[in-house]
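Trainee: Have a look at this one.
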Amino acid sequence: WIETPSNPLCQVTDIQAVCDAVQELRSQNNETFRILTVVDSTWAPPCITLPLSLGADAVLHSGTKYLGGHSDVLLGVVSCSPLTENGHWLAERLKAVQTSVGAVASPLECWLTLRGLRTLHLRVERQCQTSMKLAEYLTGHKDVVKCHYPGLDSHPQHEVAKRQMIGPQNKSMYGGMLSFEVESESWAMAVAGAVRVIRRATSLGGTETLIEHRASIEPPERRTSPLGLLRLSVGLEDVEDLQHDLEIAFEVASQVMMSNK
(Lines give C-alpha, C1' and ligand atoms only; values in the text may rest on other atoms or scores of the structure.)
Protein backbone atom coordinates (compact mmCIF):
# COMPACT_ATOMS: atom_id res chain seq x y z
CA TRP A 1 0.00 0.00 0.00
CA ILE A 2 1.47 3.32 -1.10
CA GLU A 3 0.16 6.82 -0.40
CA THR A 4 2.01 9.39 -2.46
CA PRO A 5 2.33 12.24 -1.76
CA SER A 6 1.69 11.38 1.88
CA ASN A 7 -0.59 13.19 4.29
CA PRO A 8 0.45 15.60 5.75
CA LEU A 9 4.24 15.75 5.19
CA CYS A 10 4.02 15.44 1.38
CA GLN A 11 6.56 12.61 1.23
CA VAL A 12 6.85 11.10 -2.25
CA THR A 13 7.28 7.36 -2.84
CA ASP A 14 8.98 6.10 -6.00
CA ILE A 15 6.11 3.96 -7.34
CA GLN A 16 8.10 2.26 -10.08
CA ALA A 17 10.92 1.35 -7.69
CA VAL A 18 8.46 -0.20 -5.22
CA CYS A 19 6.68 -2.12 -7.99
CA ASP A 20 10.01 -3.41 -9.31
CA ALA A 21 10.99 -4.53 -5.80
CA VAL A 22 7.67 -6.33 -5.35
CA GLN A 23 8.09 -8.07 -8.69
CA GLU A 24 11.55 -9.25 -7.63
CA LEU A 25 10.09 -10.58 -4.38
CA ARG A 26 7.41 -12.43 -6.31
CA SER A 27 9.98 -14.09 -8.54
CA GLN A 28 12.11 -15.14 -5.56
CA ASN A 29 9.12 -16.85 -3.95
CA ASN A 30 7.88 -18.42 -7.19
CA GLU A 31 4.62 -16.51 -6.60
CA THR A 32 3.64 -18.90 -3.78
CA PHE A 33 1.76 -15.98 -2.23
CA ARG A 34 0.10 -13.01 -3.89
CA ILE A 35 1.44 -9.50 -3.33
CA LEU A 36 -0.64 -6.63 -4.66
CA THR A 37 0.63 -3.10 -5.11
CA VAL A 38 -2.08 -0.50 -4.54
CA VAL A 39 -1.47 3.25 -4.74
CA ASP A 40 -3.60 5.89 -3.06
CA SER A 41 -3.06 8.72 -5.53
CA THR A 42 -5.72 11.10 -4.20
CA TRP A 43 -3.17 13.89 -3.78
CA ALA A 44 -1.79 13.31 -7.28
CA PRO A 45 -4.78 12.97 -9.63
CA PRO A 46 -4.49 11.36 -13.08
CA CYS A 47 -3.34 14.54 -14.82
CA ILE A 48 -0.25 14.46 -12.56
CA THR A 49 0.54 10.80 -11.84
CA LEU A 50 -0.42 7.52 -13.55
CA PRO A 51 0.43 4.72 -11.09
CA LEU A 52 -0.86 1.92 -13.34
CA SER A 53 1.63 2.87 -16.03
CA LEU A 54 4.38 2.65 -13.39
CA GLY A 55 3.55 -0.96 -12.52
CA ALA A 56 0.89 -0.72 -9.80
CA ASP A 57 -1.87 -3.32 -9.72
CA ALA A 58 -4.53 -0.83 -8.66
CA VAL A 59 -4.94 2.87 -7.95
CA LEU A 60 -7.33 4.40 -5.47
CA HIS A 61 -8.78 7.91 -5.53
CA SER A 62 -11.09 9.67 -3.14
CA GLY A 63 -13.42 11.12 -5.77
CA THR A 64 -14.62 13.51 -3.07
CA LYS A 65 -11.40 15.45 -3.49
CA TYR A 66 -9.80 16.45 -6.83
CA LEU A 67 -11.90 14.32 -9.19
CA GLY A 68 -15.16 15.87 -8.00
CA GLY A 69 -13.39 19.12 -7.28
CA HIS A 70 -16.30 21.07 -5.80
CA SER A 71 -16.60 19.63 -2.27
CA ASP A 72 -20.06 18.18 -2.96
CA VAL A 73 -19.38 14.49 -3.72
CA LEU A 74 -19.01 11.38 -1.56
CA LEU A 75 -17.35 8.81 -3.81
CA GLY A 76 -14.35 6.50 -3.96
CA VAL A 77 -12.72 5.03 -7.06
CA VAL A 78 -10.57 1.91 -7.51
CA SER A 79 -9.05 1.30 -10.96
CA CYS A 80 -7.40 -2.06 -11.60
CA SER A 81 -4.54 -2.45 -14.01
CA PRO A 82 -5.18 -4.19 -17.34
CA LEU A 83 -1.41 -4.65 -17.60
CA THR A 84 -0.76 -6.97 -14.64
CA GLU A 85 -2.04 -10.39 -13.63
CA ASN A 86 -2.87 -9.10 -10.16
CA GLY A 87 -4.82 -6.25 -11.69
CA HIS A 88 -7.07 -8.71 -13.55
CA TRP A 89 -7.34 -10.90 -10.43
CA LEU A 90 -8.46 -7.97 -8.25
CA ALA A 91 -10.86 -6.60 -10.89
CA GLU A 92 -12.76 -9.89 -11.00
CA ARG A 93 -13.19 -9.91 -7.23
CA LEU A 94 -14.22 -6.29 -6.97
CA LYS A 95 -16.78 -6.86 -9.72
CA ALA A 96 -18.16 -9.82 -7.77
CA VAL A 97 -18.50 -7.66 -4.65
CA GLN A 98 -20.30 -4.94 -6.61
CA THR A 99 -22.69 -7.48 -8.11
CA SER A 100 -23.48 -9.41 -4.94
CA VAL A 101 -23.35 -6.64 -2.33
CA GLY A 102 -24.29 -3.59 -4.38
CA ALA A 103 -21.33 -1.46 -3.31
CA VAL A 104 -21.66 1.11 -6.08
CA ALA A 105 -21.91 4.89 -6.17
CA SER A 106 -25.25 6.57 -6.74
CA PRO A 107 -26.08 8.04 -10.18
CA LEU A 108 -25.94 11.57 -8.75
CA GLU A 109 -22.47 11.06 -7.26
CA CYS A 110 -21.25 9.65 -10.58
CA TRP A 111 -22.71 12.57 -12.51
CA LEU A 112 -21.16 15.13 -10.18
CA THR A 113 -17.77 13.43 -10.48
CA LEU A 114 -18.05 13.32 -14.27
CA ARG A 115 -18.79 17.05 -14.20
CA GLY A 116 -15.65 17.60 -12.13
CA LEU A 117 -13.49 15.48 -14.42
CA ARG A 118 -14.25 17.83 -17.32
CA THR A 119 -12.30 20.63 -15.62
CA LEU A 120 -9.80 18.51 -13.67
CA HIS A 121 -6.71 19.38 -15.70
CA LEU A 122 -7.51 23.11 -15.67
CA ARG A 123 -8.13 23.23 -11.93
CA VAL A 124 -5.10 21.15 -11.01
CA GLU A 125 -2.75 23.15 -13.23
CA ARG A 126 -3.84 26.37 -11.50
CA GLN A 127 -3.60 24.77 -8.06
CA CYS A 128 -0.09 23.49 -8.78
CA GLN A 129 1.09 26.91 -9.94
CA THR A 130 -0.34 28.65 -6.88
CA SER A 131 1.02 25.99 -4.51
CA MET A 132 4.53 26.44 -5.86
CA LYS A 133 4.39 30.21 -5.29
CA LEU A 134 2.98 29.80 -1.79
CA ALA A 135 5.62 27.19 -0.92
CA GLU A 136 8.38 29.56 -1.99
CA TYR A 137 6.80 32.37 0.02
CA LEU A 138 6.42 30.22 3.13
CA THR A 139 9.96 28.83 2.85
CA GLY A 140 11.35 32.34 3.10
CA HIS A 141 9.03 33.54 5.87
CA LYS A 142 10.62 34.37 9.23
CA ASP A 143 7.84 32.68 11.23
CA VAL A 144 7.91 29.39 9.31
CA VAL A 145 10.19 26.67 10.64
CA LYS A 146 9.78 24.35 7.65
CA CYS A 147 7.66 24.02 4.52
CA HIS A 148 6.80 20.63 2.99
CA TYR A 149 6.15 20.64 -0.76
CA PRO A 150 7.55 18.26 -3.42
CA GLY A 151 8.24 21.13 -5.81
CA LEU A 152 10.87 22.68 -3.55
CA ASP A 153 14.48 21.81 -4.29
CA SER A 154 14.94 21.25 -0.56
CA HIS A 155 12.30 18.51 -0.47
CA PRO A 156 14.00 15.13 0.22
CA GLN A 157 12.16 13.39 -2.66
CA HIS A 158 12.18 16.30 -5.09
CA GLU A 159 13.97 14.33 -7.81
CA VAL A 160 11.46 11.46 -7.54
CA ALA A 161 8.58 13.92 -7.77
CA LYS A 162 10.16 15.63 -10.76
CA ARG A 163 10.09 12.46 -12.86
CA GLN A 164 6.90 10.92 -11.41
CA MET A 165 4.51 13.88 -11.16
CA ILE A 166 4.28 14.88 -14.80
CA GLY A 167 1.61 17.08 -16.37
CA PRO A 168 0.92 18.19 -19.96
CA GLN A 169 3.92 18.68 -22.24
CA ASN A 170 6.01 16.62 -19.77
CA LYS A 171 6.03 19.54 -17.33
CA SER A 172 6.48 18.65 -13.67
CA MET A 173 3.40 19.44 -11.56
CA TYR A 174 3.78 18.90 -7.83
CA GLY A 175 0.19 19.02 -6.64
CA GLY A 176 -2.08 21.40 -4.79
CA MET A 177 -1.27 20.22 -1.25
CA LEU A 178 1.42 21.57 1.03
CA SER A 179 2.09 21.89 4.73
CA PHE A 180 4.24 24.13 6.88
CA GLU A 181 5.41 24.22 10.47
CA VAL A 182 5.55 27.07 12.95
CA GLU A 183 7.27 26.95 16.32
CA SER A 184 4.39 25.64 18.47
CA GLU A 185 0.81 24.40 18.57
CA SER A 186 -0.35 27.75 19.94
CA TRP A 187 1.30 29.56 17.03
CA ALA A 188 -0.37 27.20 14.56
CA MET A 189 -3.81 27.65 16.13
CA ALA A 190 -3.39 31.43 16.09
CA VAL A 191 -2.49 31.45 12.39
CA ALA A 192 -5.36 29.12 11.47
CA GLY A 193 -7.79 31.28 13.42
CA ALA A 194 -6.66 34.53 11.82
CA VAL A 195 -7.08 33.72 8.13
CA ARG A 196 -10.09 35.23 6.34
CA VAL A 197 -9.83 34.33 2.64
CA ILE A 198 -8.59 30.85 3.46
CA ARG A 199 -11.17 28.67 5.20
CA ARG A 200 -10.52 26.39 8.14
CA ALA A 201 -11.79 22.92 7.22
CA THR A 202 -10.65 19.32 6.90
CA SER A 203 -11.32 18.40 3.27
CA LEU A 204 -9.11 19.07 0.23
CA GLY A 205 -9.05 19.29 -3.55
CA GLY A 206 -11.90 21.77 -3.98
CA THR A 207 -12.06 25.27 -5.40
CA GLU A 208 -11.57 26.92 -2.00
CA THR A 209 -8.25 27.09 -0.18
CA LEU A 210 -8.49 25.28 3.16
CA ILE A 211 -6.23 25.26 6.21
CA GLU A 212 -6.17 22.56 8.87
CA HIS A 213 -4.28 21.89 12.09
CA ARG A 214 -3.68 18.17 11.63
CA ALA A 215 -2.52 17.16 15.10
CA SER A 216 -5.72 18.37 16.77
CA ILE A 217 -7.92 16.02 14.72
CA GLU A 218 -5.69 12.95 15.02
CA PRO A 219 -6.35 10.47 17.85
CA PRO A 220 -3.71 11.04 20.57
CA GLU A 221 -2.57 7.41 20.42
CA ARG A 222 -2.03 7.64 16.64
CA ARG A 223 -0.81 11.22 16.28
CA THR A 224 1.88 11.57 13.62
CA SER A 225 1.74 15.27 12.74
CA PRO A 226 4.04 17.80 14.40
CA LEU A 227 2.08 20.01 16.81
CA GLY A 228 3.07 23.16 14.91
CA LEU A 229 2.06 21.85 11.48
CA LEU A 230 -0.66 23.38 9.32
CA ARG A 231 -1.89 21.75 6.10
CA LEU A 232 -2.99 23.79 3.10
CA SER A 233 -5.25 22.58 0.30
CA VAL A 234 -4.79 25.25 -2.34
CA GLY A 235 -7.84 26.31 -4.31
CA LEU A 236 -8.46 28.62 -7.27
CA GLU A 237 -8.18 32.02 -5.61
CA ASP A 238 -5.62 34.57 -6.77
CA VAL A 239 -2.22 33.74 -5.29
CA GLU A 240 -1.68 37.33 -4.14
CA ASP A 241 -4.92 37.25 -2.16
CA LEU A 242 -3.85 34.02 -0.46
CA GLN A 243 -0.35 35.29 0.29
CA HIS A 244 -1.75 38.55 1.70
CA ASP A 245 -4.19 36.57 3.86
CA LEU A 246 -1.36 34.46 5.27
CA GLU A 247 0.81 37.52 5.88
CA ILE A 248 -1.93 39.19 7.93
CA ALA A 249 -2.55 35.91 9.80
CA PHE A 250 1.14 35.70 10.73
CA GLU A 251 1.06 39.29 12.01
CA VAL A 252 -2.08 38.66 14.07
CA ALA A 253 -0.62 35.43 15.45
CA SER A 254 2.58 37.24 16.41
CA GLN A 255 0.61 39.85 18.35
CA VAL A 256 -1.44 37.14 20.07
CA MET A 257 1.66 35.22 21.12
CA MET A 258 3.37 38.37 22.44
CA SER A 259 0.30 39.33 24.47
CA ASN A 260 0.25 35.90 26.09
CA LYS A 261 3.82 36.09 27.33
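The values are calculated or read from the model by the stated rules, or taken from the named source; none is laboratory data. These figures come from a predicted structure and were not determined experimentally. Cβ atoms come from the backbone with ideal geometry, glycine included; neighbour counts cover every protein chain shown. The protein model used for the area step is the full one, side chains on, heavy atoms only, and it has no ligands, DNA or RNA in it. Shrake-Rupley method; radii C 1.70, N 1.55, O 1.52, S 1.80 Å.
Trainee: Would you mind telling me the share, in percent, of accessible area of region 44-184 contributed by carbon and sulfur at probe 1.4 angstrom?
Mentor: Ligands and nucleic acids excluded, carbon and sulfur reach 59 percent.
Trainee: Enter the angle in degrees (range 0 to 90, nearest 10) between the Cα long axis of helix 185-194 and the first principal axis of the Cα atoms of the chain, meaning the one along which they spread out most.
Mentor: Here the helix axis deviates by roughly 80 degrees.
Trainee: Follow-up question, since we're still on this one. Using +1 at the C-beta of Lys and Arg and -1 at the C-beta of Asp and Glu, which of Asn260, Ala161, Ser203 has the Cα lying farthest in the positive direction of the dipole of region 129-261?
Mentor: Working it through, the farthest residue towards the positive pole turns out to be Ala161.
Trainee: For a quick check: with amide H placed at 1.01 Å from N, whose amide H comes under 5 Å from Asp40's, ignoring anything fewer than 5 positions away on the same chain?
Mentor: Ile2, Glu3, Thr4, Leu60
Trainee: Could you state the angle between the C-alpha long axis of helix 85-101 and the longest principal axis of the C-alpha atoms of the chain, as a value from 0 to 90 degrees rounded to the nearest 10?
Mentor: 80
Trainee: If I build a Gaussian network model for the chain, linking alpha-carbon pairs within less than 10 angstrom, which residue out of Leu94, Leu246, Leu36 has the largest mean-square fluctuation?
Mentor: Fluctuation is largest for Leu94.
Trainee: Can you give the FRET efficiency for Leu50 and Asp238, using 1/(1 + (r/R0)^6), R0 = 22 Å, r = Cβ-Cβ distance, to the nearest 0.05?
Mentor: 0.15
Trainee: Mind checking the angle between helix 107-117 and the chain's longest principal axis? C-alpha axes, 0 to 90 degrees, to the nearest 10.
Mentor: Around 70 degrees separate the two axes.
Trainee: Express in Å², to the nearest 10, the accessible area of Cys47 obtained by rolling a 1.4 Å probe over the protein heavy atoms while all chains stay in place.
Mentor: Surface accessible to solvent at Cys47 totals approximately 30 Å².
Trainee: What FRET efficiency comes out for the pair Ser106/Lys133, r = Cβ-Cβ distance, R0 = 30 Å, nearest 0.05?
Mentor: Efficiency, from the Cβ-Cβ distance: 0.20.
Trainee: Could you compute how much accessible surface His61 exposes when probed at 1.4 Å, giving the result in Å² to the nearest 10?
Mentor: About 10 Å², ignoring ligands and nucleic acids.
Trainee: Apply the Karplus curve 6.51 cos²θ - 1.76 cosθ + 1.60, θ = phi - 60°, to the phi angles in region 143-158 and return the couplings in whole Hz, x for Gly and Pro.
Mentor: For region 143-158, the Karplus-derived couplings read 8, 9, 6, 7, 10, 10, 7, x, x, 7, 4, 7, 5, x, 10, 4 Hz, x marking Gly and Pro.
Trainee: Using Cα-Cα distances under 8 Å and only pairs 6 or more residues apart, what relative contact order does the chain have, in percent?
Mentor: 18
Trainee: Please label the shape of region 1-141 as rounded, prolate or oblate, based on the square roots a ≥ b ≥ c of the eigenvalues of the alpha-carbon gyration tensor (a/c under 1.5 means rounded; beyond that, a/b larger than b/c means prolate, else oblate).
Mentor: It comes out oblate by the Cα gyration axes.
Trainee: Follow-up question, since we're still on this one. Once you put a point 7 Å from the Cα of Asp20 and another 7 Å from the Cα of Glu221, both along the Cβ direction, what distance in nm separates them?
Mentor: 4.1
Trainee: Separate question: What does the C-alpha gyration tensor say about the overall shape of region 159-245? Classify as rounded when a/c is under 1.5, otherwise prolate if a/b is larger than b/c, or oblate.
Mentor: oblate
Trainee: Let me know the charge dipole size of the chain about its Cα centre in debye, to the nearest 20, where only the beta-carbon of Lys, Arg (+1) and Asp, Glu (-1) is charged.
Mentor: About 380 debye.
Trainee: For Asp153 and Ala96, calculate 0.36 nm times their separation in residues minus their Cα-Cα distance, and state this gained length in nm to one decimal.
Mentor: Roughly 16.0 nm would be gained on extension.
Trainee: Another question, if that's okay. Which residue, Ile198, Ile248, Ile35, has the most motion in a Gaussian network model of the chain that connects Cα atoms within less than 10 Å?
Mentor: For the chain, modelled as a Gaussian network with Cα springs under 10 Å, the answer is Ile35.
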